[in-house]
Every structure is written in C-alpha cells, then in structure tokens.
1. Does at least one position in region 338-356 carry a residue that is closer than 22 Å to residue 64 by Cα and either in a helix (DSSP H, G or I) or free of Cβ contacts under 8 Å to residues at least 12 places away in the same chain (or both)?
2. If you go through region 29-81 one residue at a time, how many are within 13 Å of the chain's Cα centre (by Cα) and outside any helix (DSSP H, G or I)?
3. Name every residue in region 222-231 that is in contact with a helix residue (DSSP H, G or I) (Cβ under 7 Å, 6 or more places away or on another chain) and surrounded by 24 or more Cβ atoms within 10 Å (Cβ to Cβ), in order of residue number.
4. Only one residue in 239, 210 is assigned to a helix (DSSP H, G or I), out of contact with any strand residue (DSSP E or B) (no Cβ under 8 Å at 6 or more places or on another chain) and in contact (Cβ under 8 Å) with a residue 60 or more places away in the chain, so which one is that?
5. Could you check residue 25 against (1) in contact (Cβ under 8 Å) with a residue 40 or more places away in the chain; (2) surrounded by 18 or more Cβ atoms within 10 Å (Cβ to Cβ); (3) farther than 23 Å from residue 390 by Cα and say which number it fails?
6. Would you be able to tell me the number of residues in region 299-314 that are touching a strand residue (DSSP E or B) at 6+ places or on another chain (Cβ under 9 Å) and over 17 Å from residue 87 (Cβ atoms)?
7. For region 259-281: of the residues being at pLDDT below 95 and assigned by TED's automatic domain parsing to the domain that holds residue 233, which is surrounded by the most Cβ atoms within 10 Å (Cβ to Cβ)?
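The values are calculated or read from the model by the stated rules, or taken from the named source; none is laboratory data. All values reported here derive from a predicted model rather than from experimental measurement. Glycine also receives a Cβ, built like all others from the backbone with ideal geometry; neighbour counts cover every protein chain displayed.
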C-alpha cells in the first residue's frame, strides 16, 4: 500500500502580498528603539545604493521616525552597514555582520564576462588584480585614479591598457575585475572625498572578516530570500540574483528537504518548509518606493506585482527598479518622482486609477514621511510623471 503524497497547500495572492509587506516592514514601519538600519537592510536582503538617496529612502520608509542622517550614521560612523557590490553585481548597502555570507554566496554565482574576448582578463590576471586591490586598500581609502596607479604598479603595464569602453573614453583593462574584487570581499566603498568615490577594505568595517564557505553561504541566501519574498521559484531567485537559471534550479533541488512546495494563483512556488503562514488581515498600506527598491525588484511574479497597465508604466523593457513606485496594498498602482530644490522636495505622483478616501489619506501621510526622511519640506503635484526611466 502506497502513502498518498501530501496535498499542496494553496496560498491566496492577497495573503502573499500581506505577508511580504509585513516581512519588509512596509505594512507598519518598525520601532527604532527595537531595531536599526542594519536590521532593516538584513530583512530586505540588501538595499540597492547605486542612487544613494534612494537607499536612504528605502531604509527610512521601513524605520519609524528615521531620517537619511540615521542611515548615514549607520554606514559611516557606526559601520553597521557597508557599501559594496551586492546582488546582481550592483552597488548595495549590506549589514556589515552579514558580509561573510554575502561575499561567500556572490563569489559562488557562476559569472559570465560582458567584455569582448580580446580585452577580457584571463583567470590568472583576475587573481593578480584582486590581490593587488586587496593590498592597496588594506589600510587606505583610495580614489579610482589612485587605485589605477596602485594596481598597475603591482601587476604590470598590461593592467593599464585603455581597452574598456566607458562613458567618456576608455578605462584600463584591470577595472573589469573591480566588482569581482568586491564580491570576493577584497574591497568596499569608503567615504566620498569631496565629489570623488573612494575604495577601502571591508576589514576596516568588520575586523577579522573572511568570506563564508560557499555552500553554506548560498543556502543561507536562499533561506533569507524565501522568507522575505517567497513563495518563489528557482527562476525568480535567479532573476533577482542575476544567476544562471540552471544553477538556481540545482540549488533549490539540493535544498529539497528544507523547502516546501505551495500553490499561488494556480502556479507552483516554494517557501521554507513549514513557513506557510499569512496574516489574518489583508494588506493595507500606501508606500512611495524609490528607484530600485528591493521590494519591486525581488517580488514575483511580475504580472501579479505589476498588473495590467502597471507593467507598461512602471517597468522598463520588463525590468523593475527604473521607476519609483506607488505601491498600494502590495501592488504597483502608479509611479512618482522627486526633485530636490534647497530645503524643498518637489514630489509628483501619477496614480494609474483614482484613489479612494483611504488611499488618498495614506498617500498624503506617505508624502509627509518622504519629506521627513529626506529632511526637506514636500511640495506635491498629482499628475503625469514626465521623467523617463533611470538608466
């Protein structure tokens, strides 16, 4: 006699939305007396920081009463956060305490070079460059020009060959390994020197730092991703991490004993085993998410998060993050834009549909909150956003 397979649990999309909002502190911001920026960033699985003001807003929205000054203090004074390359190889703020996990995991993701074969670094050259970077920044904060000189001196003139197409010219060959060095934990960002970016060693943030063993690191990243953004599929995870889909599928399969299949709107997805709870109350919040906020990028499936016209208006060639999002009850419902002018911040919000009384009140409160986080007085216009997507 065979034992029937257990029934697959069905989760409603409304329940999934409420669960994700709660776990990302987007239902109710968390109390700053009990937590801080690093805890919030850990829950988000990293805060995208290519646009630093967007990272400050992402974190501030999730922390009751916090401002951009609190985020900056957590990064540059307390060093509870570190600015480095994170998921997808893009600039992120990560909790300093989690840097061993992130570097162990990200260095294990199979990489593909975007550079033409003729200018690509070979494996030996990559190792030379990463070692040279680590030595140069061990006890220093260097600008990119200073790092150019240090790497070339340590490796040889081949590293300085200006062969990489850049915004206004050509970059030296070695720079294609810059983000590799960050993913391996050889460097992170230091404080800006005037208008110039600097690089330094993450060991100045986390003494004794070393990357976690790869297998342990990648499985822990899966656990955290599924807790924050599940239910999800291996393909969703691969897209979020910019990893090969086949590699992600094998990773999920290797964790089969830790994962549980569920069904959402007729589609199979995975959560951590036993983690199927959803809130009793439906999602009820209005949020103005900045460029590249983790919620808009990590949440899947796209057709449910960006339903109907939202996909046309708020995605750029299917890519999330390029527009700031008006999020209502966990669903994208419009776009918005902000522009700073002295002590003022001009905010334009473009809802895709008319707002009811609750939503309009929530939007007013959120606009005031954005102004408080950014330490500016908001001036508001409801209408079309004419600014195009962020590159």
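1. no
2. 7
3. If the condition is that a residue be in contact with a helix residue (DSSP H, G or I) (Cβ under 7 Å, 6 or more places away or on another chain) and surrounded by 24 or more Cβ atoms within 10 Å (Cβ to Cβ), then 222, 229, 231 are the ones that fit.
4. The conditions single out 239.
5. With respect to (1) in contact (Cβ under 8 Å) with a residue 40 or more places away in the chain; (2) surrounded by 18 or more Cβ atoms within 10 Å (Cβ to Cβ); (3) farther than 23 Å from residue 390 by Cα, residue 25 is out only on (1).
6. Qualifying residue count, region 299-314: 9.
7. So, considering only residues that are at pLDDT below 95 and assigned by TED's automatic domain parsing to the domain that holds residue 233, the one surrounded by the most Cβ atoms within 10 Å (Cβ to Cβ) is 265.
Each row is one residue, and each column tells you yes or no for (1) farther than 30 Å from residue 263 by Cα; (2) in the same structural domain as residue 64 (by TED's automatic domain parsing); (3) touching a strand residue (DSSP E or B) at 6+ places or on another chain (Cβ under 8 Å).
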site	(1), (2), (3)
297	no, no, yes
353	no, no, yes
356	yes, no, no
375	yes, no, no
378	yes, no, yes
389	yes, no, yes
